[in-house]
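The values are calculated or read from the model by the stated rules, or taken from the named source; none is laboratory data. From a predicted model like this one, the values you see are computed outputs, not experimental measurements. Cβ coordinates were reconstructed from backbone atoms using ideal geometry, including for glycine residues, and neighbour counts include every protein chain displayed. Just so you know, the surface numbers come from the protein's heavy atoms only, side chains and all, with ligands and any DNA or RNA stripped out. Shrake-Rupley method; radii C 1.70, N 1.55, O 1.52, S 1.80 Å.
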Amino acid sequence: SWSYSTADGAFDFLAYGEILTLTYTATVDDGHGGLVTKPITVTVTGSNDTAEITSAPQAATLTERADTHDAATPDTASGAITFVDADLTDAHAVKLTGVNASGAMTGLANGAVQLNWLSLGPLADSTDGGQGSQSWSFSAPDSYFDYLADGEAVTLTYTIEVDDHHGGVTSQDIVVT
């Protein structure tokens, strides 16, 4: 008889549906010149491991320009979301899925305009075990925040999703105040 045992983590590199075939050779020697070999084949099928966000919380605090009105000068912030995926061959897509506003909102532009203030840069994917990253930048004309009185704040929370195309989706928020 024979048995096979190894830690599950040893196969995390296999993506969903990928197959690894391991062939071992068993040899029986009768000690009198009789030798017989037989292969023992173990087949391991990969399952999906969802990407893991490795970056710190994404947050930016901006201050409206004092003593200005209708200024087109942008208020800006930027950062990057980083992630890893144990499945070495997974390719990822990163997208902005929405924005939620809170705080002083009377006078704030609508959600479609708010979505346009955040953009995603080029994706550096995490294939072959490397770290992936998705840069982002926030840019809104200062005039959009003229409605805020001294001490008031509005917080915009953008949700970004990392999708491995095999059912693994994880997200991180970008919070701009």
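Is it fair to say Ala77 is part of a strand (DSSP E or B) and either on the phi < 0 side of the Ramachandran plot or among the aliphatic types (A, V, I, L, M) (or both)? Spelling it out, Ala77 is indeed part of a strand (DSSP E or B) and either on the phi < 0 side of the Ramachandran plot or among the aliphatic types (A, V, I, L, M) (or both).
Return the residues of segment 20-48 that are surrounded by 11 or more Cβ atoms within 10 Å (Cβ to Cβ) and small (Gly, Ala, Ser); say none if nothing qualifies. Gly46, Ser47, listed by residue number. Condition check: in a strand (DSSP E or B), among the hydrophobic types (A, V, I, L, M, F, W, C) and either open to solvent by 50 Å² or more (accessible area, probe 1.4 Å) or more than 23 Å from Ala72 (Cα to Cα) (or both). Does Leu123 satisfy that? The answer is yes for Leu123.
Within segment 146-177, which residues are over 20 Å from Pro57 (Cβ atoms) and open to solvent by less than 20 Å² (accessible area, probe 1.4 Å)? If the condition is that a residue be over 20 Å from Pro57 (Cβ atoms) and open to solvent by less than 20 Å² (accessible area, probe 1.4 Å), then Asp164, Gly168 are the ones that fit. Does Gln131 satisfy the criteria of being polar (S, T, N, Q) and in contact with a Leu (Cβ under 7 Å, 6 or more places away or on another chain)? Spelling it out, it is not the case that Gln131 is polar (S, T, N, Q) and in contact with a Leu (Cβ under 7 Å, 6 or more places away or on another chain).
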